[in-house]
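For reference, the structure discussed in these notes is given below.
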Amino acid sequence: MATEGPAVRRVQVAEHPRLLKLKEMFNSKFGSIPKFYVRAPGRVNIIGEHIDYCGYSVLPMAVEQDMLIAVEPVKTHVLQLANTNPLYPDYSTSANNIQIDKTKPVWHNYFLCGFKGIQEHFGLSDLTGMNCLVDGNIPPSSGLSSSSALVCCAGLVTLTVLGMNLSKVELAEICAKSERYIGTEGGGMDQSISFLAEEGTAKLIEFSPLRATDVKLPSGAVFVIANSCVEMNKAATSHFNIRVMECRLAAKLLAKHKSLPWKEVLRLEEVQAKLGISLEEMLLITEDALHPEPYSPEELCKCLGISLQELKTQILSPNTQDVLTFKLYQRAKHVYSEAARVLQFKKICEETPDNMVQLLGELMNQSHMSCRDMYECSCPELDQLVDICRKFGAQGSRLTGAGWGGCTVSIVPADKLSSFLANVHEAYYQRSNRSLAPEKQSLFATKPGGGALVFLEA
């Protein structure tokens, strides 16, 4: 249950090759043995892209790829972080003076986000140190949430070292908030599914208050993830935060158009809730209230009756203050239509019609089209990969994660899976001469995995 904390399992480390290898590497690195291990999974968002930070429900599932951390609390107040991947250098800092530099999305900052989130939640100043060795097998910058999995893993590590208890929901909320220390204005889907996931089921994740409902996926189909191998780091680029601001501005203009108190409105969902109308009606109001041409900062000020200074300091985030054009109509249309697709997807899964896989596939295709044309978060490689997946038997295929690179997710009838994998592999990965490292795990079928856990050696 979501009111409980993450599970704690006793395991024979020798029987788990990955844990055993991590234990041996930990020993050679720190000259000691880990006290416990924590894992937090990545996720694939099946449908509901870029709408969690607008207040709307999303439909992800956890994948089996995860972040795994071996931990030993130490008497000193030093936090020592190491990574099994030599690309990520060691880092150490005082546990009582955590500084997170927003200008550099280096790997250890994601750990520090989770650590600091728990520290601040409990208002602690005198923290014990620890040695940690991190091992991740989620391809980085691929839209499968490797960064949030590391934040969640670090949060659970810190909680466990402190001997404190929190529910999965509380942990998810703390980690979602603390990832903003790195400058990403995300919505909370990634952290929620990392803690609330259960094996064998996807989840409808709803916000304020945060809750998760099981969504049983069709048994006759498989979800396949394909990595475009174009990397996109949310914290390193401004695309993501500009979209968050465009949605915020659209919400304010829509609220003002309907004579609502727009100053306190931050999310598109709040406008719908205050008006008490359907998503379809919100789409009609968007047509009425917003124009497709981009808005300049000056026009926004005129619409809202505020000064440029007020726009910059009271509405825009620090990293979006110099943006010159904002597309509000397109972003709002995507969000309201995508929010409706999520609810339709869940309804189809519940009603299990005969042509269920085809219907779900159509919703995924519509989602990709909206992400590509209205939200503009695709890229040529993703569009090509989606086309290839559909050509070789996917009933639906779309980008997943923030976009601008990363992965696609496709719904494939189970009886077509092996030919699908072979054909997509040849058409996208071999024919196009992409010099792809095998560890990018370019193409794999996935099923819903479980959530974050603590392992103790039996």
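Given the protein chains as shown and a 1.4 Å probe, how many square angstrom of Arg341 are accessible, to the nearest 10?
Rounded to the nearest 10, that gives 20 Å².
Tally Lys and Arg at +1 and Asp and Glu at -1 over the other residues with C-beta under 12 Å from the C-beta of Lys102: what net charge comes out?
-1
So for each of 445-453, 48-56, 272-280 I average, over its residues, the number of other beta carbons within 10 Å; can you give me the resulting order with the highest mean first?
Peptide ranking by packing, descending: 48-56, 445-453, 272-280.
In debye to the nearest 20, how big a dipole does region 227-277 give about its Cα centre with +1 on each Lys and Arg Cβ and -1 on each Asp and Glu Cβ?
Dipole magnitude for region 227-277 comes out near 240 debye.
How long is the gain from Arg10 to Lys177 if the chain were fully straight, where each residue apart is worth 0.36 nm and the alpha carbon distance is subtracted?
57.1 nm
Which order, highest average first, do 401-411, 119-129, 197-207, 78-88 follow once you tally other Cβ atoms within 10 Å for each residue and take the mean per peptide?
401-411, 197-207, 78-88, 119-129
Give me the net charge of Ser378's neighbourhood, meaning all other residues with Cβ under 14 Å from the Cβ of Ser378; Lys, Arg count +1, Asp, Glu -1.
Local net charge: -4.
Placing +1 on the Cβ of each Lys and Arg and -1 on the Cβ of each Asp and Glu in the chain, which of Leu399, Leu166, Gly220 has its Cα farthest towards the positive end of the resulting dipole?
Leu166
Provide, for region 136-290, the number of lysine pairs with alpha carbons under 15 Å apart, each pair being eight or more places apart or on different chains.
For region 136-290, the number of qualifying lysine pairs is 8.
Would you please put 262-269, 168-175 in order of how densely packed they are, using the mean number of other Cβ atoms within 10 angstrom per residue and starting with the highest?
168-175, 262-269
With the contact rule set at Cα under 8 Å and sequence spacing of 6 or more, what percent relative contact order holds for the chain?
24
Report the local net charge at Val215: Lys and Arg +1, Asp and Glu -1, summed over other residues whose C-beta lies under 9 Å from its C-beta.
+1
For the chain, what does -39500 (n - 2.57) per DSSP helix run (n ≥ 4), summed and divided by total residues, give at 222 nm, in deg cm²/dmol to the nearest 500?
-12000 deg cm²/dmol
Of the heavy-atom accessible surface of the chain (probe 1.4 angstrom), what whole percent is carbon and sulfur?
50
With helices defined as uninterrupted DSSP H runs, which ones in the chain have an alpha carbon span along their own long axis of at least 18 Å and mean Kyte-Doolittle hydropathy of at least 1.6?
Result, helices passing both filters: 146-162.
Can you figure out the FRET efficiency of Lys274 with Ser307, using R₀ = 30 Å and their beta-carbon distance, to the nearest 0.05?
According to the calculation, E is roughly 0.70.
I'd like the distance separating the alpha-carbon centroids of region 283-333 and region 5-49, in whole Å.
Answer, in whole Å: 45.
The values are calculated or read from the model by the stated rules, or taken from the named source; none is laboratory data. It should be emphasised that the depicted structure is a prediction, and the values quoted were computed from it without experimental measurement. As a convention, Cβ positions derive from the backbone with ideal geometry for all residues, glycine included, and neighbour counts pool all protein chains shown. These area figures cover heavy atoms from the full protein model, side chains too; ligands, DNA and RNA do not enter into them. Shrake-Rupley method; radii C 1.70, N 1.55, O 1.52, S 1.80 Å.
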